[in-house]
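What follows is one structure encoded as structure tokens, with my remarks underneath.
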Amino acid sequence: MTRRFGSPEALKGKTIFVTGVAKKQKILLLTNGRPNGKFYFQTHIVVKFANQIQLAP
């Protein structure tokens with residue numbers, strides 16, 4: 001990634017396209033380090049290779 005894009009900050013504020021499998025991930029909310037029964041979902045794509053990321057034109 002560093003060879004291709006430089007530092008991670010180089011992608012900040014840019015539109016990127018990522019290829020991979022999108023999966024819905026349940027995120028538990030904690031109170032004092034313990035789950036409090038509340039949660040929300042995030043969509044995650046695992047990026048293993050730099051060629052999965054393309055900068056928008």
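The values are calculated or read from the model by the stated rules, or taken from the named source; none is laboratory data. Since the structure is predicted, the reported quantities are computational estimates derived from the model, not experimental observations. No Cβ is skipped: glycine too gets one built from the backbone with ideal geometry, and neighbour counts run over all protein chains shown. Ligands, DNA and RNA are stripped out before the accessible areas are found, and what is left, the full protein with its side chains, is counted by its heavy atoms. Shrake-Rupley method; radii C 1.70, N 1.55, O 1.52, S 1.80 Å.
Residue pairs whose Cβ atoms lie under 7 Å apart, separated by 6 or more positions or on different chains, with the first residue in the stretch 22-48 and open to solvent by less than 70 Å² (accessible area, probe 1.4 Å) and the second of a type in the set (Gly, Ala, Ser) and in a strand (DSSP E or B), are Ile45/Ala22. One residue stands out among those in the stretch 9-27 that are touching a helix residue (DSSP H, G or I) at 6+ places or on another chain (Cβ under 8 Å) and outside any loop (DSSP other than H, G, I, E, B): the one that is farthest from Gln52 (Cα to Cα), which is Leu11.
Answer yes if at least one residue in the stretch 1-10 is at pLDDT 95 or above, surrounded by 10 or more Cβ atoms within 10 Å (Cβ to Cβ) and not hydrophobic (A, V, I, L, M, F, W, C), and no otherwise. The answer is no, given that none of the residues of the stretch 1-10 is at pLDDT 95 or above, surrounded by 10 or more Cβ atoms within 10 Å (Cβ to Cβ) and not hydrophobic (A, V, I, L, M, F, W, C).
Taken over the stretch 11-21, the criterion of being surrounded by 10 or more Cβ atoms within 10 Å (Cβ to Cβ) and either small (Gly, Ala, Ser) or on the phi > 0 side of the Ramachandran plot (or both) is satisfied by Gly20 alone.
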